[in-house]
Structures are given as structure tokens and as C-alpha cells.
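Beneath this line is the structure, given in C-alpha cells, with notes to follow.
The values are calculated or read from the model by the stated rules, or taken from the named source; none is laboratory data. A quick note: this is a predicted structure, and the numbers were derived from the prediction, not measured. Cβ: placed from backbone, ideal geometry, glycine included. Neighbour counts: every protein chain shown.
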Amino acid sequence: MADRRAVQTVPILPCPDLDEALDFYGALGFTTAFRQVRPNPYAVVRREGWELHLSGIEGFDPEQSYASAIVVVPDAEELYAEFAAGLRAARGRVPLKGIPRLLRPRRKQGTVAGFTLVDVGGNWLRFYRAGDVEGADDEGAVGLARVLLGAARQGDAHGDEQRAATLLEKGLQRHPDAPAPDRVEALVYLAELRIRLGEDDRARELLAEVARTPLTHDERASAEPSLTVGDELRARLALEP
């Protein structure tokens with residue numbers, strides 16, 4: 001009997017321009033293992049033992065892509081950092097909106113922790129950490145922290161940034177006495193969503209509110225990851241034309 005553990009599924013992702021796709025995946029640390037021009041444009045890219053197949057389709061519209069793949073990796077946050085570094089080196093910044101874009105690691109309500117990559121073909125690659133239990137941290141989340149989980153699911157997992165922003169705006173109003181680290185995290189994520197929606201002025205207002213939020217020493221330590229993201233967003237906005 002054949003060893004069923006050897007079964008492997010490899011997604012084939014459409015793209016309008018194979019050269020552009022290969023450049024993009026090259027920035028993420030992939031190498032081109034195979035490429036053909038005829039009878040149809042096709043390529044295989046590999047990175048540390050796993051691979052993706054790319055199919056060039058003339059006239060393909062990335063905005064209309066429904067393709068998606070789940071990738072389970074040992075450490076989603078480490079891989080995100082490597083992808084982000086590669087994109088900064090190749091493009092000068094990490095793209096947050098449009099196609100392509102890379103969305104930072106975040107836990108979404110009802111799902112495991114991970115991050116999302118939308119490539120140049122509009123294909124959604126959802127990276128999750130191996131061994132995570134779905135919804136494991138959801139039961140203890142209350143108030144604004146729970147609103148944040150729901151907003152992340154809408155904004156990152158579903159791609160509905162407007163709905164996610166609306167949830168957060170209402171949640172911040174409904175929970176004015178939320179713990180300061182939760183409020184900072186919500187404000188920073190809301191600022192990121194506003195940037196993705198093209199509302200830079202509103203994002204600046206939100207980041208200014210983050211700067212005005214009083215934090216004790218322990219609260220600042222807890223909020224440090226969000227504060228770091230806030231600093232990155234401020235730097236990004238300062239470079240916006």
C-alpha cells in the first residue's frame with residue numbers, strides 16, 4: 001500500500017505577468033525552480049522546502065481573483081518579518097493597501113494566529129502557525145479586546161477594511177474605560193485600516209491619540225508591540241506624497 005503521508009497538494013496561482021510575479025516572490029526569498037514560455041507561461045518558485053506554482057494568464061485581472069491558499073508554517077511571525085524585510089529592500093516599504101499587500105500577524109476571532117499576503121495576482125496566501133488551536137484565546141477576550149478580534153477577522157481574514165474600521169470606531173466609543181494597552185492596540189490597528197482605506201488624515205488623528213494616551217511603566221511594556229507599529233505607521237505617513 002502506498003504511503004499516504006507522501007501526498008502533497010501544491011496550489012497553482014494565476015497572475016497577469018509572470019515576470020512581475022517572479023520578481024515579487026524573489027523579494028520574498030523564493031528562487032525560480034522552473035519556468036516555461038510555451039505552450040503556456042508557467043513557473044515554479046521554491047523557498048525552504050515548499051513551493052508554489054504560477055500560471056501566467058494574459059488579460060487576468062488581479063482585482064477579480066478568488067484564488068486563496070492556506071500555508072501552515074513553524075513560525076508565522078518570523079516568516080512575516082523575513083517577508084517584510086525582503087519587500088522593504090525591494091520596494092522601499094511594506095505594501096499595506098492595494099495589490100500586492102502584506103498584512104502583519106494578528107489573531108482573528110475564531111481563527112488561529114497568522115498573517116495574510118496578497119500577491120501581484122490578487123491571490124490570498126494565509127499563513128498560520130503550526131500547532132495553534134482554533135479560537136484558543138477567544139473565550140478570555142472581553143470588551144474592547146474582543147471587538148479587536150472581530151475587527152481583525154473582518155479586516156484581515158475577510159478583507160473588509162471598512163467594516164473592520166466601523167467595528168473599531170464603535171468599540172472605542174462603547175468601551176472608553178478599556179485597559180490602556182487594549183485601547184492603544186485598537187487605535188493603532190484602526191490607524192492602519194484607515195491608511196489601507198486611503199484616509200491618511202484620520203490615521204494621523206488616531207496616531208496622535210495614541211501619543212496622548214497615558215501609560216504606566218507596566219502598561220507601556222504591554223503595549224510596546226503596538227507602539228512600535230504606531231511608530232512605523234507615522235514614518236510611513238511622513239513619506240506619503
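The number of residues in region 22-56 being of a type in the set (D, E, K, R) and on the phi > 0 side of the Ramachandran plot comes to 1. Among residues of region 198-214 that are in contact (Cβ under 8 Å) with a residue 12 or more places away in the chain and more than 11 Å from Leu237 (Cβ to Cβ), those with a beta-carbon under 8 Å from a residue that is of a type in the set (Lys, Arg) and not in a loop (DSSP other than H, G, I, E, B) at least six positions away or on a different chain give the pairs Thr213/Arg183. Of the residues in region 90-101, none is in contact (Cβ under 8 Å) with a residue 40 or more places away in the chain, assigned to a loop (DSSP other than H, G, I, E, B) and over 30 Å from Ala186 (Cα atoms).
Note on region 1-19: among residues that are surrounded by fewer than 16 Cβ atoms within 10 Å (Cβ to Cβ) and not hydrophobic (A, V, I, L, M, F, W, C), the one that is modelled with the highest pLDDT is Asp19. Exactly one residue among Ala152, Ala164, Ala180 is touching a residue at least 40 places away in the same chain (Cβ under 8 Å) and closer than 30 Å to Asn123 by Cβ, and that residue is Ala152. Scanning region 2-56 for residues that are assigned to a helix (DSSP H, G or I), under 22 Å from Pro74 (Cα atoms) and not basic (Lys, Arg) yields Ala6, Tyr25, Gly26, Ala27.
Filtered by the rule that a residue be among the hydroxyl-bearing types (Ser, Thr, Tyr) and either under 21 Å from Glu77 (Cα atoms) or in contact with a Cys (Cβ under 9 Å, 6 or more places away or on another chain) (or both), region 205-241 gives Ser222, Ser226, Thr228. Among the residues here, Val37 does not qualify as under 30 Å from Gly131 (Cα atoms) and either surrounded by 13 or more Cβ atoms within 10 Å (Cβ to Cβ) or outside the structural domain of Val188 (by TED's automatic domain parsing) (or both). Every condition in (1) surrounded by 16 or more Cβ atoms within 10 Å (Cβ to Cβ); (2) in contact (Cβ under 8 Å) with a residue 24 or more places away in the chain is met by Glu63 except one, and the failing one is (1). When each of Leu87, Leu96 is tested for being touching a helix residue (DSSP H, G or I) at 6+ places or on another chain (Cβ under 6 Å), outside the structural domain of Ala235 (by TED's automatic domain parsing) and at pLDDT below 95, the lone residue that passes is Leu96.
Of the residues examined, Arg220 is one that is without any contact (Cβ under 8 Å) to a residue 12 or more places away in the chain and touching a Leu at 6+ places or on another chain (Cβ under 8 Å).
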